[in-house]
Amino acid sequence: MRKIWLMLLMWPLIASPINAQRAPAPNASTGFPIAPVDHGAQQIALGNSALALMGPWKFRLGDDLAWAQPGFDDTDWHDYTLDAQGWPESILPERNAFDPGWGAHGYRGAPNYGWYRIHVYLDRVPSSLSLLVPAVDSAYAVYWDGQKLGGYGDPSRRWAYFIQRTQVFPIPSSRGAVGDHVLAVRVWDKPLVHTGVRRGGLHGAPLLADGATAPRIKQLALRLGQLNLAVEALTEVVPCLLVALISLLLYFYNRKHLEYLWTGLTLVVFTFADILVVLDGFSTTRWLTQIEYSIANVLGASAFLFSLLALQWLLALDGRPRMRLANLAAGALAFLMWMAFVVNGEWLASVRASAFLFTAVQISLLPCLACLLWMAVVGIRKLGREAWLMLSPGAVLLVLVLWLFLANGRLPLQVLEVVNDVLTILVPASVLAILIYRFVRQWREHQRIAGELQQAQAVQTLLVPELFPPSPYYRVEGTYLPASQVGGDFYQVLPLSDGGLMVVLGDVSGKGLRAAMVVSMAVGAVRAIAKETSDPAEILTRLNRELTGNLKSGFVTCLCARLDADGTVTVANAGHLPPWVNGKEVAMPGALPLGMLADQRYESQSFQMNDGEGIMVMSDGVVEARNEKDGQLYGFARLATLLTANPSAQQVAEEAMKFGQEDDISVLSITRIGPMKAVLA
């Protein structure tokens, strides 16, 4: 279908009649005639607006400027017929029509100068005549009857740009007369390029065309080349970019999983490397093209470093500092050697330097392969079958490299390209499979933890009760606002035999399930100890012995108060906020929190409460509430001002939460009411 459209687009370009001594047959797919391939002849005739010079060419490796002269005898040179059939294959090499170069014509592994010669007989010619030369590996120069028409790069200095494009070379009118002419092409094949069986020299037949038609053909070839690059970018870049976006979104959703970050960055740099290669097709400035291509190589090489880090995290080997250091060192070595090789190939094109650096790059890859093998073995031992899935993108890339190495030059180009496309798509597909697998597994783990948190919340409702035991002498109000789903604050209000109350309020360091487990242990111990003694100091001393050694690196602040029937209040404090009575803080000596020293003993002090007076105890989440705008703490001054208005426990807690809650907030308010008021209530 694409060839039909190309033929329709090119039909206006083939309208100018140029008679020939022997009119060649037109190519059905493009409309351009092909010079007859007759190995017994050394002459072809130009008879239409454009003619593809398929051959027979004469070819020889080596270099001698005398070979450009028309009188040179090339009968002992090798016959060389181009495989690309006409236009657009001659101007824009495509998958289904691409001459593999002299590497597939028996000259593989010989980076050197190569010369092409062909005899052209002109019967009648237009007023102007031009030669279109398609992309050529490395530098080349074109000669017509011994006169240099131009070229690309400088073969004499062995200097060439990597990215090549179709060039138009006008043939002087004095040289384009009727008769026999010799076209010679001198090519310098730099070592960086000549690494495959399909590299080296011409990849499509040059075209002879009249001077008015040639620029139009070149312009259309450029536009179609840009279109092809854009289509290839959509098929190769878009899948990688989408998978990279998914991976980075998963990282921002959960930043603890760095494997998403490294995987996303690996695909991003690969993607932008391809985008820069596409931009090369739209660049018209040589130095800009060279810089873009060099940046693409830098990105491609840096992607190897990111992929090593991604694999290390995917295989759960991030906790091994030696492996991380080895990966970084091996990846950095390969990166530096590859950059040196690229810089030489792109800008210097030195034969000796290229050979040395190419060997150095191959040697530098050995530590990287050793690290990959090390990670694979350790990962398989650690994760089992799961590790094989994590290794799948690397396995696909390895298959792709081996396929290109083993099948290159042995199978048709169409087959190579199809398999290459399939394997290229499998890389982001395998990465997407890994992301889906890990996301589903982490989602299930999240659901399991959420279920455990719900169970912990249900248990915590028993540890932080909403209803308090009735007392004829005191009225109790309590509020608890956890900072997360499960908090570390607790309080207990226990009845005494004389109608009084035992109040215990504590704060466990830390948050989450671990703090909730400590709360459960502390509340159980408080209930057991309170059955044996009602002395607040003794309760804290015994509770300290129970907790010491069971909290690892944590601690518990706690305040214990006994409110007797006659209004006497006895308080003991273990590193907690002192109580507030009638809006004023009760001065108490400092003491260590629970769980730090096993032989720590606590002291108590007493004061009297009258009817209507109240005592308020709270956790430090109230005074440590922090404003998000200016970072100020709520502090004791604001708390003292608030308590002058005799607020309820809920009002104090909500005020601190609105200011900027960062920790669990628990507040207990106990008011002395007296027997008669209790009866009326």
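Select the strands (runs of 3 or more DSSP E) contained entirely in the stretch 561-657, then report the ones holding at least 1 residues which are free of Cβ contacts under 8 Å to residues at least 60 places away in the same chain and among the aromatic types (Phe, Trp, Tyr). Don't jump to the end; show me each part of the working.
Working: elements: 568-574, 604-608, 614-618.
So the answer is 604-608.
Take the residues in the stretch 101-124 that are more than 19 Å from PRO155 (Cα to Cα), surrounded by fewer than 18 Cβ atoms within 10 Å (Cβ to Cβ) and not charged (D, E, K, R), then tell me which one is modelled with the highest pLDDT.
HIS119
Hey, can you tell me all the residues within the stretch 618-631 that are out of contact with any helix residue (DSSP H, G or I) (no Cβ under 6 Å at 6 or more places or on another chain) and surrounded by 13 or more Cβ atoms within 10 Å (Cβ to Cβ)? Break it down into steps so the answer makes sense when it comes.
Step one: filter the stretch 618-631 for residues out of contact with any helix residue (DSSP H, G or I) (no Cβ under 6 Å at 6 or more places or on another chain), giving 618-621, 624, 629-631.
Those that are out of contact with any helix residue (DSSP H, G or I) (no Cβ under 6 Å at 6 or more places or on another chain) and surrounded by 13 or more Cβ atoms within 10 Å (Cβ to Cβ): MET618, SER619, ASP620, GLY621, GLU624.
When you scan the stretch 363-394, how many residues do you find that are farther than 19 Å from LEU426 by Cβ and not in a helix (DSSP H, G or I)?
1
Of the conditions (1) closer than 20 Å to GLN605 by Cα; (2) not in a strand (DSSP E or B), CYS558 satisfies every one except a single condition; which number is it?
Result: CYS558 passes all but (2).
Looking at the stretch 173-202 only, could you name the residues that are within 21 Å of ASP99 (Cα to Cα) and either at pLDDT 80 or above or not assigned by TED's automatic domain parsing to the domain that holds PRO56 (or both)? It would help to see each step written out before you state the result.
Step one: of the stretch 173-202, the residues within 21 Å of ASP99 (Cα to Cα) are 183-202.
Within the stretch 173-202, LEU183, ALA184, VAL185, ARG186, VAL187, TRP188, GLY201, LEU202 qualify.
Counting just the residues of the stretch 620-631 that are of a type outside the set (D, E, K, R) and touching a Phe, Trp or Tyr at 6+ places or on another chain (Cβ under 9 Å), which one comes out farthest from MET588 (Cα to Cα)?
Filtering the stretch 620-631 down to residues of a type outside the set (D, E, K, R) leaves 621-623, 625, 627, 631.
Next, from what is left, pick out any that are touching a Phe, Trp or Tyr at 6+ places or on another chain (Cβ under 9 Å): 622-623, 625, 627.
On the way: VAL622: 19, VAL623: 18, ALA625: 23, ASN627: 29 Å.
Checking each candidate, the answer is ASN627.
In the stretch 576-584, is there at least one residue being assigned by TED's automatic domain parsing to the domain that holds GLU624, of a type in the set (S, T, N, Q) and surrounded by fewer than 16 Cβ atoms within 10 Å (Cβ to Cβ)? I'd like the intermediate steps shown before the answer.
Keep residues of the stretch 576-584 that are assigned by TED's automatic domain parsing to the domain that holds GLU624, which gives 576-584.
Filter once more, so that each one left must be of a type in the set (S, T, N, Q): 582.
Add one more test, that the residue is surrounded by fewer than 16 Cβ atoms within 10 Å (Cβ to Cβ), and what stays is 582.
There is at least one residue in the stretch 576-584 that is assigned by TED's automatic domain parsing to the domain that holds GLU624, of a type in the set (S, T, N, Q) and surrounded by fewer than 16 Cβ atoms within 10 Å (Cβ to Cβ).
Residues are listed down the side, and each one gets a yes or a no for (1) part of a loop (DSSP other than H, G, I, E, B); (2) in contact with a helix residue (DSSP H, G or I) (Cβ under 6 Å, 6 or more places away or on another chain); (3) modelled with pLDDT under 80; (4) more than 22 Å from SER156 (Cα to Cα):
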position	(1), (2), (3), (4)
ASP76	yes, no, no, yes
PRO88	yes, yes, yes, yes
ASP99	yes, no, yes, yes
PRO126	yes, no, yes, yes
TYR143	no, yes, no, no
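The values are calculated or read from the model by the stated rules, or taken from the named source; none is laboratory data. Being a predicted model, the structure only gives us computed values, none of them experimental. Heads up, the Cβs are rebuilt from the backbone with ideal geometry, glycines too, and the neighbour counts pull from every protein chain shown.
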